[in-house]
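To start, the structure under review is shown below, and the notes come after it.
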Amino acid sequence: MIAYDKLFLMPTSGCKSTKYSAAIPTRARCRLEAYSAIMSIAHEIKHARRVVALTGAGISAESGLGTFRGKDGLWSKYDPAVVASIESFTRDPRKFWEFAREIGWIFLTAKPNAAHIALAELETMKRLDYVITQNVDGLHQRAGSKRVIEIHGNAGRVICTRCLAECATEKIVDRIAREDVPSCDRCGGSLKPDVILFGEPLPKRAFDLALKKVKSADLLIAVGTSLEVYPAASLPEIAKKSGARIISIDSERTGWDDLCDYKVSGPAGEILPRIVQAIRITF
Ligand code: OAD
């Protein structure tokens with residue numbers, strides 16, 4: 001893992017030249033390059049007209065929430081077609097609720113981390129127009145972000161599949177623990193969290209707004225997403241075609257790195273606060 005703690009003490013000039021590079025150890029060179037990328041990203045954000053962020057499960061990893069893909073991801077232990085598709089939910093909602101109980105609904109008690117807070121600060125500084133999120137944990141709003149577009153719904157609400165009545169998930173946690181499939185007080189229908197399962201269309205208003213924001217952005221910052229699920233995965237490409245520059249902050253290499261103008265590898269909870277700090281103190 002790259003150490004970021006001393007980044008702001010380091011010079012950047014010449015760090016990519018062969019002569020200079022050969023003279024410094026690889027680890028230090030990585031730090032210089034990361035520092036340089038952070039400063040460049042800060043500069044891009046400061047001078048962009050309209051910035052949007054697109055976030056995925058990785059931004060909530062430092063709040064203790066699991067990601068979906070990768071070695072320890074949820075989908076390496078559970079088959080999403082069985083536990084998280086609308087087809088299987090319609091056939092037998094018990095499988096979904098079993099899975100929900102097993103993962104423990106940890107997002108109900110999770111707290112926003114430094115990455116969520118940094119994006120909320122960027123909004124307050126008027127440097128970030130919207131956060132478009134694939135996450136259903138509500139942590140951006142709890143960090144203080146006001147302009148959040150949730151394209152996969154929000155697990156903080158449950159909805160009756162029969163009469164469409166809504167209620168807050170926290171009000172029925174006892175029943176989730178007790179009942180195989182929690183049912184609606186009003187009509188007895190099966191309750192389903194207000195999130196998009198595989199095979200369901202995205203909420204039209206939210207996705208249309210996301211498309212509009214992406215098309216009018218001149219900078220898109222993707223944070224902690226593998227971009228393996230469509231249509232969310234198409235958003236950076238649409239932004240790029242509309243002329244935006246693309247930044248990725250992710251702890252790993254991803255399949256879409258080639259699309260990016262800047263890529264910083266590392267934990268979002270360390271990198272995003274550095275970027276905010278750089279915007280505050282420079283340029
Ligand atoms: P993934 O699990 O596919 O990807 C998470 C990304 O976060 C990976 O690229 C990790 O490398 C990265 N990551 C992990 N920890 C990080 C950290 N601390 N800082 C920065 N990056 C980190 O999650 P999503 O891309 O969000 O959909 O998945 C998209 C959709 O697939 C989800 O919304 C969900 C899922 O199936 C539905 O359920 C409909």
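Tabulated values for the structure
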read-out	value
CD proxy at 222 nm, helix term only [per DSSP H run n ≥ 4: -39500 (n - 2.57); per residue of the chain; nearest 500]	-11000 deg cm²/dmol
Fraction of antiparallel bridges per DSSP, the chain only, in percent to nearest 5	30
Nearby lysines by direct alpha-carbon distance to Lys146 (threshold 28 angstrom, same-chain neighbours under 8 apart not counted)	Lys46, Lys111, Lys126, Lys171, Lys192, Lys204, Lys212, Lys213, Lys215, Lys240, Lys241, Lys263
Neighbour-limited loop hits for GluC sites (Glu not before Pro), segment 33-87 (at most 13 other Cβ within 10 Å; DSSP other than H, G, I, E, B)	none
Gained length - Ser216 relative to Lys111, 0.36 nm times residue gap less alpha-carbon distance	34.7 nm
Trypsin sites (Lys or Arg not before Pro) restricted to DSSP loop in segment 183-263 with at most 16 other C-beta within 10 Å	Arg186, Arg253
Within the chain: Cβ-based charge dipole about Cα centre, in debye rounded to nearest 20 (Lys, Arg +1; Asp, Glu -1)	880
Label point at Ala165 placed 7 Å out along Cα→Cβ; residues across segment 173-207 whose backbone nitrogen lies under 11 Å	183-189
Within a Gaussian network of the chain (alpha carbon springs, distance under 10 Å), most fluctuating of Val214, Val158, Val173	Val173
Point-to-point label distance, Lys240-Ile86, nm (Cα→Cβ direction, 7 Å offset)	2.9
Point-to-point label distance, Lys126-Thr282, nm (Cα→Cβ direction, 7 Å offset)	2.3
Full-extension gain in nm, Phe198 to Arg178, via 0.36 nm per residue minus C-alpha separation	4.6 nm
Projected label distance in nm at Asp79 and Asp258, using a 7 Å step from Cα toward the beta-carbon	3.3
Tensor-based shape of segment 158-256 (alpha-carbon gyration tensor, a/c under 1.5 rounded, otherwise prolate or oblate)	prolate
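No lab work stands behind these numbers, since they all come straight from the coordinates. Remember, predicted model here, so these are calculated numbers, not experimental data. So basically every Cβ, Gly included, is an ideal-geometry build from the backbone, and we count neighbours across all protein chains shown.
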